[in-house]
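*Asks:* Sharing a structure below in C-alpha cells format, with a few things to ask.
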C-alpha cells in the first residue's frame, strides 16, 4: 500500500472535506462511456505501468507471498485477512451512508462492534458465523451511485487495474480512512500493514490464477483489463442492472487467435 505523505496526514478534517469536494468535482467532469465499451485512451502509458507492476510482482510480491504462505499456517493467514477486513469496516460504513444504504451501514457498524468485542478485535469473524454478512463497498461505488461516469481505464502503480472514477475513489478512501485521520503514529499504520499482509495472503491463495493471467496469457495487459472491467461493472450492475457482462468471455483465450 502507498502511504500518504506526512503533510497530508497532518491536515485537519476541513482540508479533507475540501479535497473530497475537489475530487468529486473532477470526477463529475469525466465522460460516461457505453456500458460495453473499453475506453483506454492512454493505453501506451498504461501498458508501461502494467509492465512495471508485473516486475514488482515477479521480483517482490510473488516471492514474498510464497514465503509468507509457506511459513504462516492457513488459519493464521485467515485471521490476518479477517483483521484487514475488520479495519476497513469504518470506511464501508462511511460509503454505505453516503450511498443512502442505511441498512447496510447499520449492519457494518454492528459487525464492527461484534467482531471487536467477541472476535479478538476482528481476527475471528464471529459476525459472519452468526449470519451478519459484510456489505463491502468503496468511494468508487459511491461516485457511481451519485451518477459519476466510469471514465478511462487506467493502471495504477502497485494497485493495478482501475478507472478514472475508481482511482479518485481509492484516493478518497485512503484520505478518509478513520485509522489515518483519527489515530496517531504508529497506530495509524496498522491498517496499512494489515492491508499488505492481506495482499500477500491473497497472492498466495490465488497464485495459479494470477500467474495464468500475468505470465501465461498471450496479452496479460488486455486480460487484466477486461477482467477488471467485467468484474467491476458486474459489481456495480447489482445496483442498477444496466451493466454489460459478456457471458461468453474467456479470460484465458488468446485475443489474437482469429488474426
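*Asks:* How large is Rg over Rh for region 52-239, taking Rg from the Cα atoms and Rh as the Kirkwood inverse mean of 1/r across Cα pairs?
*Replies:* Here Rg/Rh amounts to 0.96.
*Asks:* Any chance you could run the full-extension gain for residue 136 through residue 219? It's 0.36 nm times the residue separation minus the Cα-Cα distance, nm to one decimal.
*Replies:* Gain on extension, residue 136 to residue 219, equals 26.8 nm.
*Asks:* Please give the length that would be gained between residue 159 and residue 56 if that part of the chain were fully extended, namely 0.36 nm times their separation in residues minus their C-alpha to C-alpha distance (nm, one decimal).
*Replies:* Gain on stretching residue 159 to residue 56: 36.0 nm.
*Asks:* Then there's this: Listed highest first by mean packing, meaning other Cβ atoms within 10 Å per residue, what order do 146-159, 82-95 come in?
*Replies:* Put in order of decreasing packing, that is 82-95, 146-159.
*Asks:* Here's another thing I want to ask about it. Using the count of nearby Cβ atoms within 10 Å as a rough guide to exposure, how do 65, 51 rank from fewest to most?
*Replies:* 51, 65
Every number in this text was worked out from the coordinates using simple rules, so none of it is lab data. Computed from a predicted model, the values in this text were never measured in an experiment. FYI the Cβ positions are ideal-geometry reconstructions off the backbone, even for glycines, and counts take in every protein chain you see.
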